[in-house]
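Trainee: What follows is a structure written as structure tokens; I'll ask about it next.
The values are calculated or read from the model by the stated rules, or taken from the named source; none is laboratory data. The shown structure was predicted, so the numbers you read here are calculated from the model rather than taken from an experiment. Counting neighbours? That spans all protein chains shown, and the Cβs are built from the backbone with ideal geometry, glycine included.
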Amino acid sequence: MANHTYDAGDLSTDLNKVRFLIGDKGENDEWILSDEEIQAFIDDQPDIWHAAAACCIAIASSNALLSQAIRAGAYSEDYSTAARELRAQAKTLIEASEAPYDETAEMATTDFALRQMLANKALREG
């Protein structure tokens, strides 16, 4: 049985950090990846940024395999956009891991702060 845990008050564990970075925090008891899947990425990658990027790519690939679009009557959902956004997030996470620590001026400690930091970076880079 797959385990799913996240404690927003404890970002000292790599598992919680990766869940935070990918936004898989079990809101409404809905999880994307199991603890075991995330831990496998953590064990296989050089740091949590690359582990989070690998998780994003895995989720994007999973969504792409499900379907490019679902249509039922007037309802439709396009997974290609979500997959594209996840791949872009993976690229941003890898770039963040490669930034020299002495040049890093911002630090995200909340979900909002992370989104703001990424928006600021996009504005700086044009």
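Trainee: Does at least one position in segment 22-33 carry a residue that is in contact with a Phe, Trp or Tyr (Cβ under 9 Å, 6 or more places away or on another chain) and modelled with pLDDT of 95 or more? Write out each step before concluding.
Mentor: Step one: of segment 22-33, the residues in contact with a Phe, Trp or Tyr (Cβ under 9 Å, 6 or more places away or on another chain) are 24-26, 31, 33.
Those still in the list that are modelled with pLDDT of 95 or more too: none.
Among the residues of segment 22-33, not one is in contact with a Phe, Trp or Tyr (Cβ under 9 Å, 6 or more places away or on another chain) and modelled with pLDDT of 95 or more, which makes the answer no.
Trainee: From the residues in segment 89-108 that are in a helix (DSSP H, G or I) and surrounded by fewer than 12 Cβ atoms within 10 Å (Cβ to Cβ), which one is modelled with the highest pLDDT? If you could, list the steps in order and put the result at the bottom.
Mentor: First, pick out the residues of segment 89-108 that are in a helix (DSSP H, G or I): 89-98, 101-103.
Now drop any that are not surrounded by fewer than 12 Cβ atoms within 10 Å (Cβ to Cβ), which leaves 98, 101-103.
Details: Glu98: 80, Tyr101: 58, Asp102: 52, Glu103: 54.
So, considering only residues that are in a helix (DSSP H, G or I) and surrounded by fewer than 12 Cβ atoms within 10 Å (Cβ to Cβ), the one modelled with the highest pLDDT is Glu98.
Trainee: Among Ser80, Ser62, Ser12, which is the only one that is assigned to a helix (DSSP H, G or I) and either over 15 Å from the mean Cα position of the chain (by Cα) or modelled with pLDDT of 90 or more (or both)?
Mentor: Details: Ser62 fails: either over 15 Å from the mean Cα position of the chain (by Cα) or modelled with pLDDT of 90 or more (or both); Ser12 fails: assigned to a helix (DSSP H, G or I).
Result of the check over Ser80, Ser62, Ser12: Ser80.
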